[in-house]
Amino acid sequence: MTEDEEGLQLLTADDDGEEQQGLFEHYRIVADAGQVPTRVDKFMQEHMQHTSRNRIQLAAQAGFVHVNERPVKSNYKVRPGDVVTLMLDRPHYDTTIEPEDIPLDIVYEDDQLMVINKPAGMVVHPGVGNFHGTLANAVAWHLRLLSTYDPNDPQVGLVHRIDKDTSGLLVVAKTPEAKSHLGRQFFDHDTHRSYNALVWGNLTEDEGRIEGNIGRDPRDRQRMEVFPPDSETGKPAVTHWRVMERYGYTTLVECRLETGRTHQIRAHMKHIGHPLFADEKYGGMEVLRGERTASYKAYIHNCFALCPRQVLHARTLGFVHPTTGRQMDFTSEWPQDMTALIDKWRNYLKGNNNTL
């Protein structure tokens, strides 16, 4: 979910064609008497906020979209009186956000918003497999005495998201007006965001631009795939990158986002052949560049142990304050694991500068 997406989550399919057992109703829509025949995937997308048509199609393919208690395909035409349900193979969990006393690294706070430096390993919002210990729970505790802040009101709270194992800056809105104003800036790409990432390989250029639609990988629904910009699959995404430091077999880059798609930097960098270092989901937890010696392999595995997550940090965040109109710019230092890893690569480069 961002780098930012909500909606259907963890859609698991039975591809062997056997009848599924133990399905649970998650969503129900009854078509009104004036319903014009409409494809069920389009019909559901219109009624379910923050859910893409592609994810609904995947659900239908898995047998999770039912009409009048029978599974249907995406091209089924919904008619007046049809009862459309989303049936998943897990119970409907309660994702109510409860306050939890979890420390927060608050970079800035006023009566309208908070800027928080999130550590790697913390999920930003409750969801499947992570119902407690999230950033949203921590924010709810911090603001528990603020009578106007309801952590379960979607009109306040997190304005955008970053992945669990990505560290760095996030903004939280305390009021509906602030969230609306900030959300519009993110939607219009008026915010300024940059990430630092360590990627595999030595990029041939000093800077570049990656453009390609991002959508769910049909072979692995927990991963994103890059599709041609002119295709109808996925959502348009653009990432600008520039080299900060080169270490021979890896490169430290700065990435600036025009868009904020799920796993955008991770998917885009893999797409150009430079996956993020230690990013297991996108193939970065393998020895992709370098020597074949046992000592080099041991060195890389020590690096993985030092920073056992994708090396990605939301370094800067800039936006216009929703009430003062003042430009707000923030910078977050690298966390300890990333600093130690970069120092290790710098030292490696010094010791091998005659051969790299």
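The values are calculated or read from the model by the stated rules, or taken from the named source; none is laboratory data. Computed from a predicted model, the values in this text were never measured in an experiment. We place every Cβ from the backbone using ideal geometry, glycine too, and count neighbours over all the protein chains shown. Side chains are part of the model used for accessible areas, which takes the heavy atoms of the whole protein and leaves out ligands, DNA and RNA. Shrake-Rupley method; radii C 1.70, N 1.55, O 1.52, S 1.80 Å.
Just need a number here: residues in segment 309-340 that are over 24 Å from residue 284 (Cα atoms) and of a type in the set (Asp, Glu).
1
Being open to solvent by 20 Å² or more (accessible area, probe 1.4 Å) and on the phi > 0 side of the Ramachandran plot: is that true of residue 68 here?
Values: open to solvent by 20 Å² or more (accessible area, probe 1.4 Å): yes; on the phi > 0 side of the Ramachandran plot: yes.
Yes, satisfied.
With (1) in a helix (DSSP H, G or I); (2) in contact with a strand residue (DSSP E or B) (Cβ under 7 Å, 6 or more places away or on another chain) as the list, and residue 138 as the residue in question, which single condition is left unmet?
(2)
Just checking, does segment 2-15 include any residue being modelled with pLDDT of 85 or more, open to solvent by 60 Å² or more (accessible area, probe 1.4 Å) and within 23 Å of the chain's Cα centre (by Cα)?
Checking segment 2-15: not a single residue is modelled with pLDDT of 85 or more, open to solvent by 60 Å² or more (accessible area, probe 1.4 Å) and within 23 Å of the chain's Cα centre (by Cα).
Which count do you get for residues in segment 154-200 that are in contact with a Pro (Cβ under 6 Å, 6 or more places away or on another chain), hydroxyl-bearing (Ser, Thr, Tyr) and within 21 Å of residue 271 (Cβ to Cβ)?
Counting residues in segment 154-200 that are in contact with a Pro (Cβ under 6 Å, 6 or more places away or on another chain), hydroxyl-bearing (Ser, Thr, Tyr) and within 21 Å of residue 271 (Cβ to Cβ) gives 0.
Taking only segment 73-118 into account, find how many residues are part of a loop (DSSP other than H, G, I, E, B), buried (at least 18 other Cβ atoms within 10 Å of the Cβ), among the hydrophobic types (A, V, I, L, M, F, W, C) and at pLDDT 95 or above.
1
What are the residue pairs meeting all of these: first residue in segment 335-356, first residue in a helix (DSSP H, G or I) and open to solvent by 50 Å² or more (accessible area, probe 1.4 Å), second residue aliphatic (A, V, I, L, M) and modelled with pLDDT of 95 or more, Cβ atoms under 7 Å, and 6 or more apart or on different chains?
344/306
With (1) of a type in the set (Gly, Ala, Ser); (2) at pLDDT 95 or above; (3) part of a loop (DSSP other than H, G, I, E, B) as the list, and residue 133 as the residue in question, which single condition is left unmet?
Here residue 133 clears every test but (2).
Each row is one residue, and each column tells you yes or no for (1) among the aromatic types (Phe, Trp, Tyr); (2) modelled with pLDDT of 95 or more; (3) open to solvent by less than 30 Å² (accessible area, probe 1.4 Å).
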residue	(1), (2), (3)
120	no, yes, no
124	no, no, yes
129	no, no, no
160	no, no, yes
166	no, yes, yes
175	no, yes, yes
188	no, no, no
202	no, yes, no
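When the residues of segment 256-268 are filtered to those that are touching a Ser or Thr at 6+ places or on another chain (Cβ under 8 Å) and among the aliphatic types (A, V, I, L, M), which remaining residue is farthest from residue 316 (Cα to Cα)?
Checking each candidate, the answer is 265.
Name the residues in segment 244-264 that are surrounded by 17 or more Cβ atoms within 10 Å (Cβ to Cβ) and of a type in the set (A, V, I, L, M), would you?
Selection gives 252, 253, 257.
Suppose the filter is within 23 Å of the chain's Cα centre (by Cα) and open to solvent by 70 Å² or more (accessible area, probe 1.4 Å); does residue 49 pass it?
For residue 49, the condition - within 23 Å of the chain's Cα centre (by Cα) and open to solvent by 70 Å² or more (accessible area, probe 1.4 Å) - is met.
To keep it simple, each residue is scored yes or no on (1) over 19 Å from the mean Cα position of the chain (by Cα); (2) within 30 Å of residue 322 (Cβ to Cβ).
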| residue | (1), (2) |
| --- | --- |
| 175 | yes, yes |
| 199 | no, no |
| 221 | no, no |
| 224 | no, no |
| 227 | no, no |
| 248 | yes, no |
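What tally of residues in segment 281-321 results from selecting those that are surrounded by fewer than 15 Cβ atoms within 10 Å (Cβ to Cβ) and either assigned to a helix (DSSP H, G or I) or over 27 Å from the mean Cα position of the chain (by Cα) (or both)?
Of the residues in that region, 10 qualify.
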